[in-house]
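What follows is a single structure, written as structure tokens, with notes after it.
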Amino acid sequence: MKTALITGITGQDGTYLAEHLLGLEYKVYGLIRGQNNPKAEAVQRLIPSLELVEGDLLDQSSLIAAVEITQPDEVYNLGAISFIPLSWRQPVLTSEITGLGVTRLLEAIRMVNRDIRFYQASSSEMFGKVREVPQSETTPFHPRSPYGVAKTYGHYTTVNYRESYDMFACSGILFNHESPRRGLEFSTRKTSHAAARIKLGKQSELLMGDLTPKRDWGYAGDYVRAMHLMLQQDEPDDYVIGTGKTHTIQEMCAVAFEHVDLNWQEYVRKDPRFLRPADVNLLIADSAKAREKLGWEPTVDFRSLIRMMVDSDLKQESAVGEPV
């Protein structure tokens, strides 16, 4: 039986990855921050077989202790401040957790056991102001947010530890991936949730920022399979993971509202409060390397993904009673 340690266990990717690894008969530990973390109970209820261990990406000694206690074969670093607008409001904290947290965790592994295989959650936001279309593993980075800058630091730190210490360290450059477990602050879930609530008469409008940026959206459940596959290869490497298809935020709104027989234009309003200081206009993945070397393919298309999210929110909102 292999053992895995996952940071960011309370997030969307953490829960899907834990379920995937448990299905492969792994023993899975999730790193949890703080003794009274309010999300701990929810994640334990969702995944009863998961074991939690305390640790903090801001604290080196706690990471060393977590690695020593769990003795993992594989470590998946999914922990980050991942909501991009928040990274502008808290750029230093974002740098500490999303950037330097990678160094702290790699150092913990180097000190405890260099044979542990390491996965770093890199991001398509590192491409930012894109230099070429589509984006592959060789596309230069030009991040356009504190989050993207911190992810770029973490990415290159992973490469550096791989090359300097002969560690099995991989980065998955994942493009946007969503699910019904996505946080309400993210545009996709914000939209699916609003479409459901408006259909049920619980909400009157949806306030959004710029609707023109294009994104490559996939299903989180597909993407965690790619994470695991990266750590099963003979040699460590970095991989771009995405669908290779792009859609605007406006299209996403249209699909969500159409699914509940509503016209998005009657309910979606632009609000300057949600505009970013600098935005990323186009992201689209070239995942040829992952398809060839990992044998990975996405299974859920864009429209099916958005409909899945709307259906989930309809079910949840219908269960919580009448509007107040």
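General remarks:
- The alpha carbon radius of gyration of the stretch 70-148, expressed as a multiple of 2.2 N^0.38 Å, is 1.26.
- Averaging 1/r over every pair of different alpha carbons in the stretch 234-301 and inverting the result gives a Kirkwood radius of 15.3 Å.
- Among 135, 90, 265, the largest mean-square fluctuation in a Gaussian network model of the chain, built with springs joining Cα atoms closer than 10 Å, belongs to 265.
- Ordering of 214-220, 138-144 by packing [mean C-beta count within 10 Å, highest first]: 214-220, 138-144
- Computed over the alpha-carbon atoms, the chain gives an Rg to Rh ratio of 0.96, Rh here being the Kirkwood radius from the mean inverse distance.
- Cross-link pairs beyond the 29 Å C-alpha cut-off, checked among 27/293; 129/199; 129/245: 129/199
- Segment residue 83-residue 25, length gained on full extension (0.36 nm per residue, minus Cα span): 17.7 nm
- Listed residues 307, 197, 45, most fluctuating in the chain (Gaussian network, C-alpha, under 10 Å): 45
- Candidates 12, 71, 233, ranked by Gaussian network fluctuation over the chain, Cα under 10 Å, top entry: 233
- The chain, relative contact order [Cα under 8 Å, separation at least 6], %: 17 percent
- FRET efficiency, 1/(1 + (r/R0)^6) with R0 41 Å, evaluated for residue 93 and residue 319 via beta carbons: 0.70
- Loop sites in the stretch 68-149: GluC sites (Glu not before Pro), DSSP, at most 13 other Cβ within 10 Å: 132
- With eigenvalues of the C-alpha gyration tensor scaled by 5 and rooted, the stretch 108-188, Å: 25, 17, 11
- Paramagnetic reach from residue 288 in the stretch 111-140 [backbone N under 18 Å; point 7 Å along Cα→Cβ]: 131-140
- Dipole moment magnitude, nearest 20 debye, the chain about Cα centre, only Lys, Arg, Asp, Glu C-beta charged: 740 debye
- Relative contact order for the stretch 172-267, counting Cα pairs under 8 Å that sit 6 or more residues apart, in percent: 39 percent
- Assigned charges on the beta-carbon of Lys, Arg, Asp, Glu; the stretch 1-120 dipole about Cα centre (debye): 180 debye
- Computed over protein heavy atoms with a 1.4 Å probe, the carbon and sulfur contribution to the accessible area of the chain reaches 48%.
- At a probe radius of 1.4 angstrom, the accessible area of the chain per residue rounds to 44 square angstrom.
- Principal axis extents of the Cα atoms in the stretch 1-126, from largest to smallest and rounded to whole angstrom, are 41, 33, 30.
The values are calculated or read from the model by the stated rules, or taken from the named source; none is laboratory data. These numbers were taken from a predicted model, which means no experiment stands behind them. Because the Cβ atoms are built from the backbone with ideal geometry, glycine has one as well, and the counts that use them run over all protein chains shown. Each accessible area value is taken on the protein alone, full model and side chains, heavy atoms only, with ligands, DNA and RNA left out. Shrake-Rupley method; radii C 1.70, N 1.55, O 1.52, S 1.80 Å.
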